[in-house]
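Below: the structure, in structure tokens.
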């Protein structure tokens, strides 16, 4: 997603973050915690990937001192500046980021360089939870019930709810006792400490249209709310901070090796027996006594599986890779499309104030102010388009209210990092730089288009080919149009007009021949400003036959033994909302399954 960033040079932001970390008494774990020379030759469990799911798995397994656990992470330790919520987006094109790009898209991403979407993934301990928007959205109960109905036995909503609750330290008092939240977990969930007048107007506007204020992670999802974030005292709470940092020093049975690229899973026949990895140009091989666990994410896990011989037979043979198991690895790629450009202007003072010395000091002393808000994200609404039955409480779109401008200088840098062509920015956003602006992000939560991930080469250092096939199903573009019209309805309410909200009155370059904000214009805009929401999933999908990659206990199928995948890639269908919360839950439930299968308490 696309949000305003602080108006300051990056060196100044990072210097401030360092000082802030000292004021707050927090120092991120340094690489000195992790020394490759101290590794054993064999561990009970080897976990590849320390992102949202992998951090939870690491925490839960290493809680048993009799188990020897190794976590292999491709990135380094997170730095102090990643803790500041408003710096969401600063880390594009940096060492914390994989810098993936898709293949050119047909009928989508028309305003992006080469029609390729830039896919941000965290290459750091904690994974994308270190650089994402921190929105905590579980999804809809029907998401999980559909999983169970389609072969993912044990994954219905009632069966996954205890695992959501187990990771949560829910700090929103209005909902703390409604039976849907946990208060003893590691991950704090709360609202941001600051909000703008314009976000109040957005919420009132949703009410004006007949929607209720809801706990979207509770009994009903349809409606509007302030955003629930994994934040505490104005600081990001990444998976690394919640699940790794508190235990890494005290658990001698846990070893973590950073800046290490897993290159291949070693098999003896069909049994996974170890992992090859490289660190600082040196090759290593470590054996796994019990299991190898892939938590490398929806891109990394299928990539490593295929490099190791688990994947579509013909595709592997094209790359002269010995086939261990013929499975649809990399298929079923799903994402939430984010349509940019649904922007407007409003009265001065209604949105978040500009960053200033006082806002820096307020944040440092109190953890509040605009710097405590992830990129200006303040409110959210889950709604239904005419393409679904609204009475089912299974909304198919998500509107995200952002009280900051896409026309700012910092947003220009970010949009360019996302691949937006300069002439598009100059023609559509730049003319509004001096005005008070906001925008409403529109996410399509259950698109019918699916794509795939394929090998580009047999080198683990070459990014795989990513093809989401955006809008390849004809209904999806119509859902995008309907979602945009919903956002405009909210923008046109009396509540929003009370703060001076007006639609953007400039035509997007490439769509000038369409009447502004007509159906044809909106479709043109959606095809041009097609962005990812960073919600990639489903590439190692879970089910009960060999049309799926893993079984409901997350064990790789096809006769493969001692190998599991535990991350968002195992989802059979994408969930209704952001994926960080489900990824944490998958880590907790997957770890519990491992402990059950090895007859250990959990």
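Do we have residue 179 as part of a loop (DSSP other than H, G, I, E, B) and either out of contact with any strand residue (DSSP E or B) (no Cβ under 9 Å at 6 or more places or on another chain) or modelled with pLDDT under 95 (or both) here? Please lay out each step first, then the result.
Details: part of a loop (DSSP other than H, G, I, E, B): yes; either out of contact with any strand residue (DSSP E or B) (no Cβ under 9 Å at 6 or more places or on another chain) or modelled with pLDDT under 95 (or both): yes.
Yes: the conditions hold for residue 179.
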Checklist outcome for this item: In the range 154-191, residues that are over 24 Å from residue 244 (Cα atoms), surrounded by 16 or more Cβ atoms within 10 Å (Cβ to Cβ), in contact with a helix residue (DSSP H, G or I) (Cβ under 9 Å, 6 or more places away or on another chain) and in contact (Cβ under 8 Å) with a residue 40 or more places away in the chain total 1
Next on the checklist: Taking the criterion of being in contact with a strand residue (DSSP E or B) (Cβ under 9 Å, 6 or more places away or on another chain) and either at pLDDT 95 or above or outside any helix (DSSP H, G or I) (or both), would at least one residue in the range 507-515 satisfy it?
Outcome noted: no
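Within the range 315-347, how many residues turn out to be out of contact with any strand residue (DSSP E or B) (no Cβ under 7 Å at 6 or more places or on another chain) and either farther than 20 Å from residue 199 by Cα or in a helix (DSSP H, G or I) (or both)?
11
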Next on the checklist: over 30 Å from residue 108 (Cβ atoms) and free of Cβ contacts under 8 Å to residues at least 40 places away in the same chain: which single residue out of 554, 600, 563 fits that description?
Outcome noted: 554
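Would you mention how many residues in the range 318-342 are over 15 Å from residue 550 (Cβ atoms), over 18 Å from the mean Cα position of the chain (by Cα) and surrounded by 22 or more Cβ atoms within 10 Å (Cβ to Cβ)?
Restricting attention to the range 318-342, the residues satisfying the condition of being over 15 Å from residue 550 (Cβ atoms) are 318-323, 333-342.
Okay, now just the ones that are also over 18 Å from the mean Cα position of the chain (by Cα), so 318-323, 341-342.
Subsequent filtering for residues that are surrounded by 22 or more Cβ atoms within 10 Å (Cβ to Cβ) retains 341-342.
Counting residues in the range 318-342 that are over 15 Å from residue 550 (Cβ atoms), over 18 Å from the mean Cα position of the chain (by Cα) and surrounded by 22 or more Cβ atoms within 10 Å (Cβ to Cβ) gives 2.
Considering only the range 383-392, state which residues are farther than 20 Å from residue 203 by Cα and outside any loop (DSSP other than H, G, I, E, B).
Filtering the range 383-392 for residues farther than 20 Å from residue 203 by Cα gives 386-389, 391-392.
Result: 391, 392.
Of all the residues that make up the range 448-457, how many are within 29 Å of residue 385 (Cβ to Cβ) and assigned to a strand (DSSP E or B)? Reasoning before the result, please.
Our first condition is that a residue be within 29 Å of residue 385 (Cβ to Cβ); within the range 448-457, this holds for 448-453.
In the following step, the residues that additionally are assigned to a strand (DSSP E or B) were identified as 451-453.
Total satisfying the criteria: 3.
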Checklist entry - Quick one: would you say residue 455 is surrounded by 20 or more Cβ atoms within 10 Å (Cβ to Cβ), modelled with pLDDT of 95 or more and in contact with a helix residue (DSSP H, G or I) (Cβ under 9 Å, 6 or more places away or on another chain)? => result yes
Item to check | Qualifying residues in the range 261-272 (those that are buried (at least 18 other Cβ atoms within 10 Å of the Cβ) and over 28 Å from the mean Cα position of the chain (by Cα)) - the one farthest from residue 71 (Cα to Cα) | outcome: 267
Next on the checklist: Criterion first (at pLDDT 95 or above, part of a loop (DSSP other than H, G, I, E, B) and more than 21 Å from the chain's Cα centre (by Cα)) does residue 395 satisfy it?
Outcome noted: no
Item to check | Among residues of the range 468-499, those that are under 14 Å from residue 336 (Cα atoms) and touching a helix residue (DSSP H, G or I) at 6+ places or on another chain (Cβ under 9 Å), counted | outcome: 5
Checklist entry - Which of the residues spanning the range 219-229 are buried (at least 19 other Cβ atoms within 10 Å of the Cβ) and either farther than 20 Å from residue 375 by Cβ or modelled with pLDDT under 95 (or both)? => result 221, 222, 223
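Those residues that are under 22 Å from residue 494 (Cβ atoms) and in a loop (DSSP other than H, G, I, E, B), I need them from the range 205-221; list them, please. Can you show your working first?
Looking only at the range 205-221, we keep the residues that are under 22 Å from residue 494 (Cβ atoms), and these are 205-214.
Hits for the range 205-221 are 209, 210, 211, 212, 214.
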Checklist entry - When both residues are 6+ apart or on different chains and their Cβ atoms are under 9 Å apart, which pairs have a first residue that lies in the range 568-596 and is on the phi > 0 side of the Ramachandran plot and buried (at least 24 other Cβ atoms within 10 Å of the Cβ), and a second that is modelled with pLDDT of 95 or more and part of a helix (DSSP H, G or I)? => result 577/143
Next on the checklist: Looking only at residues that are modelled with pLDDT under 95, assigned to a helix (DSSP H, G or I) and touching a strand residue (DSSP E or B) at 6+ places or on another chain (Cβ under 7 Å) in the range 50-84, which one is farthest from residue 98 (Cα to Cα)?
Outcome noted: 83
Checklist outcome for this item: residue 368: passes all of (1) over 24 Å from residue 121 (Cα atoms); (2) surrounded by fewer than 24 Cβ atoms within 10 Å (Cβ to Cβ); (3) under 25 Å from the mean Cα position of the chain (by Cα); (4) at pLDDT 90 or above but (4)
Next on the checklist: Looking at 124, 137 in this structure, which one is over 15 Å from residue 236 (Cβ atoms) and buried (at least 21 other Cβ atoms within 10 Å of the Cβ)?
Outcome noted: 137
Item to check | Subset of the range 408-423 (residues that are in a helix (DSSP H, G or I) and either modelled with pLDDT under 90 or under 17 Å from residue 131 (Cβ atoms) (or both)) | outcome: 409, 410, 411, 412, 413, 414, 415, 416, 417
Item to check | residue 375 vs. criteria part of a helix (DSSP H, G or I), under 28 Å from residue 101 (Cα atoms) and either modelled with pLDDT of 95 or more or in contact with a strand residue (DSSP E or B) (Cβ under 9 Å, 6 or more places away or on another chain) (or both) | outcome: yes
Next on the checklist: Here are the criteria: (1) more than 19 Å from residue 50 (Cβ to Cβ); (2) surrounded by fewer than 24 Cβ atoms within 10 Å (Cβ to Cβ). Tell me which single one residue 534 does not satisfy.
Outcome noted: (1)
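For the range 429-447, enumerate the residues that are more than 25 Å from residue 497 (Cβ to Cβ) and part of a loop (DSSP other than H, G, I, E, B). Spell out the reasoning first.
Residues of the range 429-447 that are more than 25 Å from residue 497 (Cβ to Cβ), as a first pass: 430, 444-447.
Once the filter is applied, which keeps residues that are more than 25 Å from residue 497 (Cβ to Cβ) and part of a loop (DSSP other than H, G, I, E, B), the range 429-447 yields 445, 446, 447.
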Checklist entry - Of the numbered conditions (1) modelled with pLDDT of 95 or more; (2) touching a helix residue (DSSP H, G or I) at 6+ places or on another chain (Cβ under 8 Å); (3) outside any loop (DSSP other than H, G, I, E, B), residue 359 satisfies every one except a single condition; which is it? => result (1)
Next on the checklist: Need pairs with beta-carbon distance below 7 Å; first residue surrounded by fewer than 16 Cβ atoms within 10 Å (Cβ to Cβ) and within the range 490-508, second modelled with pLDDT of 95 or more and in a loop (DSSP other than H, G, I, E, B); sequence gap 6+ or separate chains.
Outcome noted: 503/517
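Within the range 193-204, how many residues are in contact with a helix residue (DSSP H, G or I) (Cβ under 6 Å, 6 or more places away or on another chain) and either closer than 25 Å to residue 343 by Cβ or outside any loop (DSSP other than H, G, I, E, B) (or both)? Quick ask: steps written out before the conclusion?
At the first step, the residues of the range 193-204 found to be in contact with a helix residue (DSSP H, G or I) (Cβ under 6 Å, 6 or more places away or on another chain) are 193-194, 201, 204.
When the remaining residues are screened for being either closer than 25 Å to residue 343 by Cβ or outside any loop (DSSP other than H, G, I, E, B) (or both), the result is 194, 201, 204.
Qualifying residue count, the range 193-204: 3.
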Checklist outcome for this item: Scanning the range 398-407 for residues that are modelled with pLDDT of 85 or more and either in a loop (DSSP other than H, G, I, E, B) or farther than 24 Å from residue 482 by Cα (or both) gives 403
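The values are calculated or read from the model by the stated rules, or taken from the named source; none is laboratory data. Fair warning: this is a prediction, and the values are worked out from it, not measured in the lab. A quick note on method: Cβ atoms are made from the backbone with ideal geometry, for glycine too, and the neighbour counts reach across all protein chains shown.
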